[in-house]
Each structure stands twice: as C-alpha cells, then as structure tokens.
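*Asks:* Shown below is the structure under consideration.
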Amino acid sequence: TARERFPQTLAGRTSESGVWLEHSTDYHFLAMRLAEDFLRLAGPDPRVEGLLGRLRETAAWLVEPDGKYALIGDSSADRAPVEIRKQTNRLNGFRTFQDAGYFVVSRAKRYLAVMNGFHNASHKQSDELSFELFDRDKRVITGPGKYGFDRDAKRAYVLSNAAHSVLTVDKKPWRRDGKAAYGSGILASGQGENGWFAVLGRNPLTERQGA
C-alpha cells in the first residue's frame, strides 16, 4: 500500500515548477527527506526519483544567504543541507514559481521572496503578498515562522494577518480553510535592464471582502 500511496501523495502535493504545496519551506525539505527515505527502503522508483529531482532543483531558492530556510509558513530558521547552501550561493537572478505562488530574487547576499498562494489548508498562514527581505548579512523583514501547533494565543497570532507584512481591509481576518483556496495569485514578474526586479500579484481573499 505504501509503495503506491506515497508516490501518489508526493505527486499530488508537488507543483509542476517543483514546489511542495503546503505553504512551508520547512515541509518542502521534509518532503525531500521522506522521498530519499522511500527510495532507500523501497528501492528505485522513477516516479519518486523524478519528483525528488524537481524538489531538489527548487530547494536552493528557498534558502536565504545566511544558509537558513526562508521563514515561509510553518518553518523554522534551520540551516539547509550543505549541498543546498552551496547552490544558493551560486544563484544570481530571479525565479517565479507561478503555479505555486512564489517569486524569489537571490543574488550577492540579497534575497527577496514574495508569497501569494493558497492550495489547501495545510500549514497555511495569512501571508498573501507578504515578503521576506534579506540584505547584507541581515534579515530585514521576515515572517513569524512556526510556533508549535497548540491552539493558544501565540499560535493564533502566528497564523494571523497581523504577523505578516500584508495589506488588510478594515483589519478583517482572512479565511484559511481549504474552501477559500485559490491557487496562485502571482500574475506577472520580470527584470529590468538596470538590475531591478518586479512582481505583480493580487489577493483574491480581499476581493471577497469587497475590495
């Protein structure tokens, strides 16, 4: 049963662009480790090998110049594996994971990640059009990351709009249940001749509030 169910689950939660669709950097790397364990225990499987390759190819874009995970969703500021950190250090440009709802710039100790995706209720925080900004050895703007899973006031805050760099309508909260999922809100992105980058996105959750 596991031999069939695991590849199906892995495929169902991996975007075409190679991002794990549970709104979390931490769980992207967890999915990679689980795929590696599966191949070690169950033997070669082209389905899992292909998906793992896509997840690995994307992973370096989810690591900030300090070598730690970007604090997207339920993530901790843990250090990425050495081989992934080396790949991150070689990045010099931008990449848009449009189907997943991510836009990332990574170059010369500077990093920007913009989040605008909602695919399911797993580890979803109210981070529509929020962003991570790293500049010259400092995390300038960052998300709250993970605070356990207890249903207490601190956990409620971590999930809320107030914990993220977002625009809200009359301080109203957004829905985070699966019925509110919209996929990706990234509309366009690009790079200018003089080294600037731009991303355009919309937040369907505010549209449903009448804005």
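*Asks:* Restrict the search to segment 143-182; then list the chymotrypsin sites (Phe, Trp or Tyr not before Pro) that DSSP places in a loop and that have at most 12 other Cβ atoms within 10 Å of their Cβ.
*Replies:* Those satisfying the criteria are F149.
*Asks:* Can you work out ³J(HN,Hα) from phi for every residue in segment 2-13, in order, using Karplus 6.51 cos²θ - 1.76 cosθ + 1.60 and θ = phi - 60°, giving whole Hz and x for Gly and Pro?
*Replies:* Listing the rounded values in order: 5, 4, 8, 6, 4, x, 5, 5, 4, 5, x, 10 Hz.
*Asks:* Let me ask you something else. List the lysines whose Cα lies under 16 Å from the Cα of K138, skipping any in the same chain that are fewer than 8 positions away.
*Replies:* Straight-line reach from K138, under 16 Å: K68, K109.
*Asks:* How much length would be gained if the chain were fully extended between A188 and V140, taking 0.36 nm per residue of separation minus their Cα-Cα distance, in nm to one decimal?
*Replies:* Extending this stretch completely gives an extra 14.8 nm.
*Asks:* Moving on to the next point. Run through segment 1-78 and list the GluC sites (Glu not before Pro) located in a DSSP loop whose Cβ has at most 15 other Cβ atoms within 10 Å.
*Replies:* Here the GluC sites (Glu not before Pro) that fit, given the DSSP loop and packing criteria, are E16.
*Asks:* HN-Hα J couplings of segment 54-68 from phi, Karplus 6.51/-1.76/1.60, θ = phi - 60°, integer Hz, Gly and Pro as x?
*Replies:* Each residue's phi maps through the Karplus curve to give 5, 5, 5, 5, 7, 3, 4, 6, 9, 10, 7, x, 7, x, 10 Hz.
*Asks:* Okay, next question. Where the only charges are on Cβ atoms (+1 Lys, Arg; -1 Asp, Glu), what is the dipole of the chain about its Cα centre, to the nearest 20 debye?
*Replies:* 240
*Asks:* Here's another thing I want to ask about it. Select from segment 104-153 those trypsin sites (Lys or Arg not before Pro) which occupy a DSSP coil region and have at most 16 other Cβ atoms within 10 Å, ordered by residue number.
*Replies:* K109, R136, R151
*Asks:* So, one more: Residues of segment 194-211 with amide nitrogen under 20 Å from the 7 Å Cα-to-Cβ point of N92?
*Replies:* Those under the cut-off are 194-198.
*Asks:* Calculate the dipole size of segment 147-198 relative to its Cα centre from +1 charges on Lys and Arg beta carbons and -1 charges on Asp and Glu beta carbons; express the result in debye to the nearest 20.
*Replies:* 320
*Asks:* Estimate the FRET efficiency between D170 and Y147 by the formula 1/(1 + (r/R0)^6), using the beta-carbon distance for r and 30 Å for R0, to the nearest 0.05.
*Replies:* 0.70
*Asks:* Residue by residue through segment 37-47, what is 3J(HN,Hα) from phi via Karplus (6.51 cos²θ - 1.76 cosθ + 1.60, θ = phi - 60°)? Round to whole Hz and write x for glycine and proline.
*Replies:* Those phi angles translate into 5, 4, 5, 5, 8, 9, x, x, 8, x, 5 Hz.
*Asks:* Given a 10 angstrom Cα cut-off, can you work out which residue in A100, A162, A60 is the most mobile in a GNM of the chain?
*Replies:* A162
Each reported figure results from applying straightforward, stated rules to the coordinates on display, with no laboratory input. Not measured: the values here are computed from a predicted model. Methodologically, a virtual Cβ is constructed for each residue, glycine included, from the backbone with ideal geometry; neighbour enumeration extends over all protein chains shown.
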